[in-house]
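The values are calculated or read from the model by the stated rules, or taken from the named source; none is laboratory data. Since this is a predicted model, take the numbers as computed values, not measurements. Every residue, glycine as well, gets a Cβ built from its backbone with ideal geometry; the counts of neighbours run over all protein chains shown.
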Amino acid sequence: MKVALLAGGMGTRLSEMTDRIPKPMVEIGGKPILWHIMKHYAHFGFREFVIALGYKGEVIKDYFINYRHHRSSLVVHLKSGHIQVKDGAQEDWIIHLLDAGEQTQTGGRVRRLMQYVGKEPIMLTYGDGVANVDIKKLLQFHKAHGRLATVTAARPPARFGGLQFKANQVTRFVEKPQIGEGWINGGFMVLEPEVLDYIEGDQTLFERQPLERLARKKQLVAYKHQDFWQCMDTVRDLKLLEELWSGGKAPWKLWKK
């Protein structure tokens, strides 16, 4: 099964970086968050990716075109232009880079992805969030329920420390607990090919009409993920992810190398 990635957003709340690069290319530990997401799926054996490009898509193209050269030793024959690649561990990935239009909305991007892949189910997620979702359990859940779409429901970390108190006396303090209610769409979806029929065109927001219609028709189920999930919407989010990575405490890093 192919993994589809939405990587065309502008990331305006991270404008310090995204005026130069698309949001999925903002780095954690020297690697784009897009790479972290792909490593996560590859850990579970899924190594073929279709990336829907949009804003500054050429940056993502350049990254993967030059990926092998940048991670290896090289011998360059200037006269012929021939380049020999020496050493360097490489990812065993197949990557489809799909131009989906800079102004295309999320539903339009999903539509183009599904048309490109053809009549087969896909996994889909956003290019700006990491989690330690067990992808194989997610797929088992999807198949067991027999619906057209499965979305991973996540509980994002609270922005502030939580207090429990009696009168004015604090009885319990929890530093940035998970939200006790209010499940959100955490990405990490599984879609059957019939989902394409629910998307009208390029300006459709996937999170509005398509998912709402699927829910009304009882064709959308939620895989509840109670563990780590974190988006990268703001500089604060980026700093948190960077601290987790640099401190060797990144919960989404399930791979060994």
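Annotations for the structure displayed:
- Hits in the range 1-43 - residues which are in a helix (DSSP H, G or I) and among the hydrophobic types (A, V, I, L, M, F, W, C): L14, M17, M25, I33, L34, W35, I37, M38, A42
- The set of residues from the range 85-110 being farther than 13 Å from R71 by Cβ and in a loop (DSSP other than H, G, I, E, B) comprises D92, A100, G101, E102, Q103, T104, Q105.
- Filtering the range 72-85 to residues that are hydroxyl-bearing (S, T, Y) and in contact with a strand residue (DSSP E or B) (Cβ under 7 Å, 6 or more places away or on another chain) leaves S72, S73.
- Cβ-Cβ distances below 6 Å connect the following pairs, each with a first residue in the range 107-122 that is surrounded by 15 or more Cβ atoms within 10 Å (Cβ to Cβ), a second residue that is assigned to a helix (DSSP H, G or I), and a separation of six or more residues or different chains: G107/P210; M114/L196.
- Members of the range 81-106 found to be modelled with pLDDT of 95 or more and exposed (fewer than 12 other Cβ atoms within 10 Å of the Cβ), listed by number: I94
- When each of R47, R13, R71 is tested for being within 19 Å of the chain's Cα centre (by Cα) and loosely packed, with under 15 Cβ neighbours inside 10 Å, the lone residue that passes is R13.
- Verdict on H69 being touching a strand residue (DSSP E or B) at 6+ places or on another chain (Cβ under 9 Å), under 30 Å from D202 (Cβ atoms) and outside any strand (DSSP E or B): no
- Hey, K257 out of contact with any Lys or Arg (no Cβ under 8 Å at 6 or more places or on another chain), without any contact (Cβ under 8 Å) to a residue 60 or more places away in the chain and either part of a strand (DSSP E or B) or loosely packed, with under 13 Cβ neighbours inside 10 Å (or both) or not: no
- Matching residues in the range 199-225 - criterion: being in contact with a helix residue (DSSP H, G or I) (Cβ under 7 Å, 6 or more places away or on another chain) and without any contact (Cβ under 8 Å) to a residue 40 or more places away in the chain: R213
- Exclusive hit being closer than 29 Å to K137 by Cα, among the hydroxyl-bearing types (S, T, Y) and in contact (Cβ under 8 Å) with a residue 12 or more places away in the chain, set Y55, Y41: Y41
- Single residue of the range 179-235 satisfying the filter (assigned to a strand (DSSP E or B) and of a type in the set (F, W, Y)) that is nearest to the chain's Cα centre (by Cα): W229
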